[in-house]
Amino acid sequence: MDVTLAREWMRAAAGAIAADADLLTRLDAAIGDGDHGVNLNRGFTAVVAALEKTPPDTVADVLIKAGTTLMSRVGGASGPIYGSALRAAGKALPPTAEVQPADLAAALHAGLEAVRKLGGAAPGDKTMVDAYGPAADAFEQAVAGGAGLTGAAAAAARAAAAGAGATTPMQARKGRASYLGERSIGHQDPGATSTALIFQALADVS
């Protein structure tokens with residue numbers, strides 16, 4: 001992955017979130033505050049603008065700038081969580097204009113760890129971790145098996161989508177949805193859904 005591809009990933013993620021902002025909002029309205037789609041759309045729109053205004057020199061800087069922008073522009077829990085994930089991933093990368101799939105695999109896990117540390121979520125809690133965790137694992141396993149970025153990203157996207165779908169029958173144990181108890185069952189988690197969109201965006205540009 002080079003700087004241009006990293007920027008294309010963020011641009012594709014912004015496009016995907018904009019296209020599905022209404023879906024994310026409907027999902028969040030059922031078990032949360034109802035603002036997930038609006039907030040993320042605003043945040044990723046700001047990310048694209050920030051990356052165009054001051055183009056980064058390294059892949060790490062692309063992710064760090066994206067994360068910093070989300071943290072400063074998105075309200076609620078989404079900004080800190082998604083921003084922390086991207087910042088941690090960026091900081092885990094070597095400061096070069098191009099990184100290898102193995103570097104990105106390690107960075108994705110660093111981002112996941114940041115999310116889990118910040119929100120305290122574990123697999124099965126009905127959060128973005130249920131999509132992010134399988135995606136990071138699938139990416140790492142694909143790379144270990146000899147896949148390049150294209151194959152690893154595709155594997156991660158499939159795993160993220162499956163993970164997001166698997167949140168539907170879960171009872172939420174973290175976040176606003178946890179206040180609903182059993183009433184959270186039967187609704188796909190909006191954070192897991194948007195996470196799957198971001199991983200699909202990576203697959204689309206890789």
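Scanning region 138-154 for residues that are surrounded by 15 or more Cβ atoms within 10 Å (Cβ to Cβ) and in contact with a Pro (Cβ under 7 Å, 6 or more places away or on another chain), we see that the one that is nearest to residue 199 (Cα to Cα) is 152. Being more than 20 Å from residue 72 (Cα to Cα) and crowded, with 16+ Cβ neighbours inside 10 Å holds for only one residue in 57, 22, 28, 33, and it is 28. Just to be sure before I move on: is residue 45 open to solvent by 30 Å² or more (accessible area, probe 1.4 Å), out of contact with any Ser or Thr (no Cβ under 8 Å at 6 or more places or on another chain) and among the β-branched types (Val, Ile, Thr) in the structure I sent? The answer is yes for residue 45.
Scanning region 158-192 for residues that are on the phi > 0 side of the Ramachandran plot and without any contact (Cβ under 8 Å) to a residue 60 or more places away in the chain turns up 181, 186. Taking region 120-133, which residues are of a type outside the set (D, E, K, R), buried (at least 18 other Cβ atoms within 10 Å of the Cβ) and more than 12 Å from the chain's Cα centre (by Cα)? Scanning region 120-133 gives a single hit, 121. Test residue 52 against the criterion of being under 23 Å from residue 161 (Cβ atoms) and either open to solvent by 10 Å² or more (accessible area, probe 1.4 Å) or at pLDDT 95 or above (or both), and give yes or no. No; evaluated as a whole, the condition is false for this residue. Residues in region 64-104 that are among the small types (Gly, Ala, Ser) and either in a loop (DSSP other than H, G, I, E, B) or crowded, with 22+ Cβ neighbours inside 10 Å (or both): 66, 67, 75, 76, 77, 78, 83, 85, 88, 89, 90, 97. The single condition from (1) in contact with a Lys or Arg (Cβ under 9 Å, 6 or more places away or on another chain); (2) part of a helix (DSSP H, G or I); (3) open to solvent by 50 Å² or more (accessible area, probe 1.4 Å) that residue 7 fails is (1).
The values are calculated or read from the model by the stated rules, or taken from the named source; none is laboratory data. If you're wondering where the values come from, they're calculated on a predicted model, not measured in any experiment. In this analysis, Cβ positions are derived from the backbone assuming ideal geometry, glycine residues included, and neighbour counts consider all displayed protein chains. When the accessible area is computed, the model is the full protein with side chains, heavy atoms only, and any ligands, DNA or RNA have been set aside. Shrake-Rupley method; radii C 1.70, N 1.55, O 1.52, S 1.80 Å.
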